[in-house]
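Visitor: If you scroll down you'll find the structure; I have some questions about it.
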Amino acid sequence: QVQLVESGGGLVQAGGSLRLSCAASGRTFSYYAMGWFRQAPGKEREFVATISRSEGNTYYTASVKGRFTISRDNAKNTVYLQMNSLKPEDTAVYYCAAIERSGVVVTTKYTYWGQGTQVTVSS
């Protein structure tokens, strides 16, 4: 079992930045690939970014590539999502998730999920 708790969401103007954090507890954090997802009102949950469990390989959805950076600190059991140049269309609840697999994992079928943190970008 892995427990995930996101933090760092909030209200920001377009063009601004936020840094989301996701603290993990339970089994060994480095066993898990980690992902960030988001869900806007009336839309399905979508993949945002993922990072492999030890090599630090990353993958991003096209709409955030070049603006968002996913990273992890296995010593702190934490994964981050640095979000720059935010746009109103980035407004959503952001979730982190974990899956016990190697490599980058581009799917919504992760095993463990956090409760989400709201990000609102005003125009």
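The values are calculated or read from the model by the stated rules, or taken from the named source; none is laboratory data. Small disclaimer: the values here were computed from a predicted structure and weren't measured. Ideal geometry is used to build each Cβ from the backbone, glycine not excepted, and the neighbour counts take in all protein chains shown. Side chains included, ligands, DNA and RNA excluded: accessible areas come from the protein's heavy atoms. Shrake-Rupley method; radii C 1.70, N 1.55, O 1.52, S 1.80 Å.
Visitor: With a 10 Å cut-off between alpha carbons and a GNM built on the chain, which of Ala97, Ala40, Ala24 moves the most?
Guide: Ala40
Visitor: Same structure, new question: Three principal axis extents, largest first, for the C-alpha atoms of the chain, in Å?
Guide: Cα spread of the chain along its principal axes, largest to smallest: 40, 26, 25 Å.
Visitor: Please compute the length gained on full extension between Ala23 and Glu46, using 0.36 nm multiplied by the number of residues separating them and subtracting their Cα-Cα distance.
Guide: Values: separation 23, 0.36 × 23 = 8.28 nm, distance 2.07 nm.
Between Ala23 and Glu46, full extension yields an extra 6.2 nm.
Visitor: Report the extension gain between Thr120 and Glu89 in nm, rounded to one decimal, defined as 0.36 nm multiplied by the number of residues separating them, less their alpha carbon distance.
Guide: Values: separation 31, 0.36 × 31 = 11.16 nm, distance 0.90 nm.
That works out to 10.3 nm of additional length.
Visitor: Can you give the alpha-carbon Rg of segment 1-60 over 2.2 N^0.38 Å, where N counts its residues? Show your work: numbers first, answer last.
Guide: Numbers: Rg = 13.5 Å, N = 60, 2.2 N^0.38 = 10.4 Å.
Normalised by 2.2 N^0.38 Å, the Cα Rg of segment 1-60 equals 1.30.
Visitor: Normalising by the residue count of the chain, find the relative contact order in percent from Cα pairs under 8 Å and 6+ residues apart.
Guide: Values: 320 pairs, mean separation 45.2, N = 123.
Relative contact order for the chain comes out at 37 percent.
Visitor: I'd like the FRET efficiency for Arg101 and Asn74, computed as 1/(1 + (r/R0)^6) with the beta carbon distance as r and R0 of 22 Å, rounded to 0.05. Walk me through the numbers before you get to the answer.
Guide: On the way: r = 16 Å, r/R0 = 0.71.
Working from the Cβ atoms, E equals 0.90.
Visitor: Solvent-accessible area per residue for the chain at a 1.4 Å probe radius, Å²?
Guide: Accessible surface, normalised per residue, equals 50 Å².
Visitor: Assuming R0 = 41 Å, what is the FRET efficiency of Gln1 and Ala62, from their Cβ-Cβ distance, to the nearest 0.05? Present the calculation step by step, with values, prior to reporting the outcome.
Guide: On the way: r = 33 Å, r/R0 = 0.81.
The computed FRET efficiency comes out at 0.80.
Visitor: Once every Cα of segment 38-99 carries one equal point scatterer and solvent is ignored, give the base-10 log of I(q)/I(0) from the Debye formula at q = 0.23 Å⁻¹, two decimals.
Guide: -1.05
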